[in-house]
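Participant: Please find one structure pasted underneath; my questions will follow.
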Amino acid sequence: MILYGSLTRSQTRRLKGARPSAFSKVLFLFVFLAIGFWTVRAFSQGIPPGVLEDVEGDLEILHEDSDQGSRYHYFLKAAGRRLSLEFAGVPPTNLTSGARIRVRGARSNNVLALKPGSGGVETVTPAEMNTLGEQRTLVMLVNFRNDTSQPYDVSFANEMFFGTTSSFFLENSYQQTFLSGMVKGWYTIDMNRPTNAATCNASQIASLADQAAAEDGVLLSDYNRRVYVFPQTGCGWWGLSSVGGNPSQSWVNGTLDLGVTAHELGHALGLWHSHSLDCGTSAVIGGSCSTNEYGDIVDVMGASRLAHYNAFQKERLGWLNAGASPSITTVGAEGTYSLESYEPLGVGPKALKILKSTDPSTGAKTWYYVESRKAVGFDAFLAIEPTQNISSGVLIHIGTEGNGDSSLLLDMTPATPVYYWWYDPALVVGQSFSDPDSGVTITTGSVSSTGAVVTVSFGVALSISTDKPSYSRNQSVTISALVQSNGAPSPNAPVSFTIKKSDGAVQTSSSTTGSNGIAVYKFRLTKKDPLGIYQATAASSSAAATTSFTVR
């Protein structure tokens with residue numbers, strides 16, 4: 001194209017008076033068609049691939065449960081399209097399906113690759129959790145045009161959902177939440193039985209089942225929980241569910257028992273998994289640790305097929321520590337505390353909640369949750385499991401505010417063999433657990449058939465870190481010391497720093513913590529400093545910590 005504004009007046013007059021050649025006509029037609037093509041493409045598909053765009057819509061989180069592990073899928077429903085979200089970092093765990101979000105990313109077909117940084121997600125409106133009272137549930141039994149088998153009848157499915165699973169919810173929620181509704185089917189839907197993951201289209205199964213139910217006279221809008229149950233297929237998972245959502249959607253592949261229904265409907269209520277923390281045979285916490293995705297053996301959102309949800313999970317659902325729910329005692333001072341047996345109704349606290357740490361950047365708090373479990377109700381299996389010490393001690397979990405995927409069961413007997421999960425995780429009578437990073441010590445004083453008595457004490461805790469693992473001469477080493485008491489940052493605390501160089505020479509300094517509990521020392525390396533490993537030590541009150549860095 002020729003820009004008239006870049007020509008002189010005489011050039012413009014000559015151009016206007018000139019007759020276009022055949023080549024000019026062809027070139028003009030080509031440019032015109034190209035502009036038209038890209039204009040149509042832009043209007044039909046949005047911004048071209050690779051170009052960042054802002055998209056606002058409703059979040060959908062689906063979770064697969066299988067013997068091979070756990071997998072989450074994220075989608076955004078926007079402007080009539082369902083976009084698969086690809087995160088540059090860790091996906092958000094503070095949201096559930098139905099949240100209104102805004103993301104920035106590059107679109108290619110139906111995939112939106114999000115911009116790096118903070119997950120690329122801005123919350124416009126969080127989803128409202130619906131976890132109390134009647135949960136209107138529609139269960140649809142479906143089979144396929146090439147597999148019309150019916151592995152269980154309607155009466156069995158009805159008892160599983162509106163008998164056993166509803167009773168499980170009533171007991172777990174302390175009589176606050178239950179299922180109601182109906183089972184419909186069997187519906188033979190117009191698709192072949194999936195034989196593998198590639199042919200497994202859960203959305204299509206749901207759409208065809210919904211269509212069959214509507215044609216059968218069911219008013220779908222009457223139900224905020226929809227469950228699709230079908231004979232065993234090759235989908236690769238035994239359960240799939242949205243995490244939250246209104247209506248939520250859950251899929252059951254083959255096996256229909258409480259371990260599947262309570263787990264998948266737990267996801268539908270907004271729960272993530274209950275994990276365990278493995279820090280080796282000599283440590284309960286700290287050092288080199290790994291997380292076991294389904295490792296909590298005393299929670300149906302973990303490895304158990306029967307057990308109650310833990311206190312962190314129940315607090316998220318509003319079944320503990322909210323409104324008319326039983327209480328959790330938040331421990332704010334040293335002392336001895338009583339807690340009631342976890343499972344039955346009662347007037348006393350069902351758990352203790354002790355501050356472990358506060359993130360200095362976000363302010364998010366991480367808590368210890370202490371429970372006294374008994375072989376009661378759906379937890380009755382605790383009386384028959386071999387080698388379990390759970391009823392003779394207290395269980396301790398960790399959970400972080402605003403992070404649904406942070407539930408961790410701690411192993412208080414790390415020296416015993418670990419196979420896939422533990423059978424003796426409890427802190428038994430007379431045993432103490434101390435967290436070196438927070439200064440918290442928890443001791444089980446006594447255990448009875450009605451609860452437990454626990455003593456909690458606090459000390460000063462200090463941790464130290466450097467901004468990099470290695471440096472060159474003439475660089476500055478930023479050394480940070482975090483001082484905490486009772487799990488909270490300690491402002492105005494004096495901290496002394498000692499640097500021991502690789503040749504044994506020592507340099508000292510001092511600082512004071514800010515409001516975030518952090519004291520900073522910038523140690524300047526000179527061109528004459530020796531190469532090798534340096535040690536940095538910080539000390540405050542009765543606590544000290546050491547780290548190392550390398551000068552290359």
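The values are calculated or read from the model by the stated rules, or taken from the named source; none is laboratory data. Since we're looking at a predicted model, the values are computed, not measured. Cβ sites come from the backbone with ideal geometry, for glycine too, and all protein chains shown count toward neighbours.
Participant: Among the residues of the range 111-158, what is the count of those that are assigned to a strand (DSSP E or B), charged (D, E, K, R) and without any contact (Cβ under 8 Å) to a residue 60 or more places away in the chain?
Facilitator: Looking only at that region, the number is 2.
Participant: Suppose we filter the range 481-497 for residues that are surrounded by fewer than 17 Cβ atoms within 10 Å (Cβ to Cβ) and more than 19 Å from Tyr368 (Cβ to Cβ); how many remain?
Facilitator: Number satisfying all stated conditions: 4.
Participant: How about the range 167-190: which of its residues are under 21 Å from Ala322 (Cβ atoms) and either of a type outside the set (S, T, N, Q) or in contact with a strand residue (DSSP E or B) (Cβ under 8 Å, 6 or more places away or on another chain) (or both)?
Facilitator: Matches in the range 167-190: Phe168, Phe169, Leu170, Glu171, Tyr174, Gln176, Thr177, Phe178, Leu179.
Participant: Any residue that is in contact with a Phe, Trp or Tyr (Cβ under 6 Å, 6 or more places away or on another chain) and not in a loop (DSSP other than H, G, I, E, B) - is there at least one of those in the range 182-195?
Facilitator: no
Participant: Restricting the first residue to the range 220-233 and requiring it to be basic (Lys, Arg), which pairs with a second residue that is part of a loop (DSSP other than H, G, I, E, B) meet a Cβ separation below 8 Å and a spacing of at least six or different chains?
Facilitator: Arg225/Pro247; Arg226/Pro247
Participant: Residues in the range 404-417 that are under 14 Å from Tyr369 (Cβ atoms) and either outside any loop (DSSP other than H, G, I, E, B) or without any contact (Cβ under 8 Å) to a residue 60 or more places away in the chain (or both): how many?
Facilitator: The qualifying residues number 4.
Okay, residues lined up against (1) buried (at least 16 other Cβ atoms within 10 Å of the Cβ); (2) not basic (Lys, Arg):
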position	(1), (2)
Phe144	yes, yes
Ala157	yes, yes
Met160	yes, yes
Gly163	no, yes
Phe169	yes, yes
Phe178	yes, yes
Arg193	yes, no
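Participant: Would you check if Arg100 is touching a residue at least 12 places away in the same chain (Cβ under 8 Å), farther than 30 Å from Ala212 by Cβ and basic (Lys, Arg)?
Facilitator: yes
Participant: In the range 297-322, which residue that is within 22 Å of Leu95 (Cα to Cα), of a type outside the set (A, V, I, L, M) and assigned to a loop (DSSP other than H, G, I, E, B) is nearest to the chain's Cα centre (by Cα)?
Facilitator: Gly302
Participant: Please find, within the range 478-525, the residue that is modelled with the highest pLDDT out of those that are in contact with a Gly (Cβ under 7 Å, 6 or more places away or on another chain) and of a type in the set (Gly, Ala, Ser).
Facilitator: Restricting to residues being in contact with a Gly (Cβ under 7 Å, 6 or more places away or on another chain) and of a type in the set (Gly, Ala, Ser), the top hit is Ser502.
Participant: Within 30 Å of Phe549 (Cβ to Cβ) and in contact with a strand residue (DSSP E or B) (Cβ under 9 Å, 6 or more places away or on another chain), is that true of Ser470?
Facilitator: yes
Participant: Residues that are hydrophobic (A, V, I, L, M, F, W, C) and closer than 29 Å to Trp367 by Cβ, at least 3 per element: which strands (runs of 3 or more DSSP E) completely within the range 463-551 meet that?
Facilitator: 476-485, 518-524, 543-551
Participant: Looking only at the range 332-387, how many residues end up being out of contact with any helix residue (DSSP H, G or I) (no Cβ under 8 Å at 6 or more places or on another chain) and in a loop (DSSP other than H, G, I, E, B)?
Facilitator: 21
Participant: Can you go through Val229, Val218 and tell me which one is under 14 Å from Val139 (Cα atoms) and assigned to a strand (DSSP E or B)?
Facilitator: Val229
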